[in-house]
Amino acid sequence: FCFSESPSAAWEIEFQRLISNNRNFNSIANEYVVPVIFHIIHGGENNGTFPNITAQQIDAQMVVLNQDYAGTGLNSGNYPSNAFVNWAVNQSIPLENLDNSGRVKIANSNITFCLAEKDNNGNILAEPGIERLNYISKGWQNPNVFTTNQDLRDYVDDVIKPQSIWDVTKYLNIWISDKHNAINAKGFGTPPPFSGLTGIPNTTTNLTDGVWCYSKSVGSSDVYPSGIYFNDEVKGRLLTHEIGHWLGLRHIWGDGDCFTDHCNDTPSQSAPSAGSPTYPQNPGSCTSPSNFPDGEMFMNFMDYTANQSMYMFTPDQVTRMHTAMQNSPHRNLLGT
């Protein structure tokens with residue numbers, strides 16, 4: 001599903017300090033509009049022929065992003081009526097993180113995304129939010145020749161991104177391309193950097209910041225059925241997940257057996273989920289802290305559940321997003 005790298009422990013310590021400061025100033029009331037540019041990597045195929053997908057498929061993805069980050073996305077109405085109510089009481093989750101039924105709240109992030117209208121030089125884009133890049137004329141290799149996650153990521157980070165990235169203080173850069181069938185993962189996002197802070201290594205730079213995604217995982221077979229998709233279950237949630245990383249979120253299982261994602265309102269989880277689980281999933285799979293009796297939050301966007309089964313962020317996850325938007329030099333001018 002995802003091969004984003006986990007940030008360092010030093011990065012997380014600094015992030016937690018910034019989160020504490022943000023809570024003191026009630027910064028979550030802020031709203032952001034993030035301009036997006038999709039760099040579509042192709043080999044000269046006609047518009048609408050894979051991997052040179054149509055603007056309509058990109059538009060469908062934008063619909064999904066804005067619904068998901070508002071907490072109103074596909075199947076959010078399927079949230080169980082008693083979801084995590086008992087766990088929330090046992091863990092003393094604050095009332096502001098809960099809805100009127102006592103469930104962990106499906107949060108509205110107050111972050112929306114729009115297709116960029118102008119390029120780096122202020123020229124009006126022929127297709128809003130889209131730059132089509134022919135890898136042959138660029139002298140690049142076809143991304144589908146790389147057969148491991150690391151080789152593909154290295155090529156995207158070392159060659160494609162530096163030669164095509166737009167100003168990271170003005171745009172969320174998203175690159176989409178084909179990939180080799182041997183690579184199961186379909187996306188990766190970079191964490192927000194905190195540059196200039198002593199002891200905080202920044203693997204994200206102004207030449208690598210952004211998200212890469214497999215072209216057939218972009219869009220939604222519900223919103224735009226005519227698109228070119230990996231399968232009929234593509235609903236646009238891969239980019240929702242990867243942009244979560246770009247905004248500072250961790251995988252919900254903390255990338256380890258019952259590790260932490262540093263959000264108190266997400267129950268501990270023993271491993272990534274898959275498919276379409278039923279609630280409750282794996283009650284008691286973690287003991288410190290315990291996720292008993294309500295189990296794991298498989299419907300969270302930062303899990304690996306099937307697209308149609310993930311539909312929520314939590315309030316603590318939104319706190320992380322807003323902390324990134326306000327404190328990272330690659331984020332704090334976006335939306336202004």
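Computed values, structure above
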read-out	value
Accessible area in the full protein assembly, largest first, 1.4 Å probe, for Arg132, Arg237	Arg132, Arg237
Accessible area in the full protein assembly, largest first, 1.4 Å probe, for Thr148, Thr54, Thr305	Thr148, Thr54, Thr305
Most mobile listed residue (Lys170, Lys161, Lys118) in the chain, GNM with C-alpha springs under 10 Å	Lys118
1.4 Å probe accessible area per residue over the range 87-166, in Å²	53 Å²
Interchain or long-range residues, amide H under 5 Å from Leu98's placed H	Lys105
Helix 9-24 vs. the chain, principal-axis angle (Cα, 0 to 90°, nearest 10)	70 degrees
Residue-averaged 222 nm ellipticity for the chain, from DSSP H runs of 4+ at -39500 (n - 2.57), nearest 500	-6500 deg cm²/dmol
In Hz, Karplus ³J(HN,Hα) per residue of the range 125-142 (6.51, -1.76, 1.60; θ = phi - 60°; x = Gly, Pro)	6, 4, 10, x, x, 10, 10, 9, 10, 7, 5, 5, 5, 7, x, 8, 7, 5
Cross-link partners of Lys105 among aspartates and glutamates (Cα-Cα below 12 Å; sequence separation of 8 or more within a chain)	Glu96, Asp265, Asp316
Separation in nanometres of the label points that stand 7 Å from Cα toward Cβ, at Asn82 and Asn108	2.9 nm
Long-range amide H partners of Arg132 with built H, under 5 Å	Ile40
Separation in nanometres of the label points that stand 7 Å from Cα toward Cβ, at Val145 and Leu333	3.6 nm
Rounded to whole Hz, the Karplus (6.51, -1.76, 1.60) HN-Hα couplings of the range 226-236, x for glycine and proline	7, x, 9, 10, 4, 7, 5, 8, 6, 10, x
Label zone at Ser226 (point 7 Å along Cα-to-Cβ), backbone N below 20 Å, the range 59-80	59-64
Full-extension gain in nm, Ile136 to Val33, via 0.36 nm per residue minus C-alpha separation	33.7 nm
Angle between the chain longest axis and helix 237-246 axis [Cα atoms, degrees, rounded to 10]	80 degrees
In range of the label at Thr49: residues from the range 208-233 whose backbone nitrogen is under 16 Å from the point 7 Å along Cα→Cβ	228
Amide proton proximity set for Lys179, modelled H, under 5 Å, gap of 5+	none
Candidate aspartates and glutamates for bridging to Lys186, where Cα separation is under 18 Å - those fewer than 8 sequence places away on the same chain excluded	Glu5, Asp151, Asp154, Asp157, Asp178, Asp209, Asp232, Glu233, Glu242, Asp255, Asp303
The range 258-265 - phi-based ³J(HN,Hα) in whole Hz, Karplus 6.51/-1.76/1.60, Gly and Pro as x	6, 6, 9, 9, 6, 10, 5, 9
Structure-derived volume of the Cα convex hull per residue in Å³: which label, when the choices are [x] 227; [y] 128; [z] 144	[y]
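The values are calculated or read from the model by the stated rules, or taken from the named source; none is laboratory data. None of these values were measured; they are calculated from a predicted model. Cβ: placed from backbone, ideal geometry, glycine included. Neighbour counts: every protein chain shown. These accessible areas exclude ligands, DNA and RNA; they are computed on the full protein's heavy atoms, side chains included. Shrake-Rupley method; radii C 1.70, N 1.55, O 1.52, S 1.80 Å.
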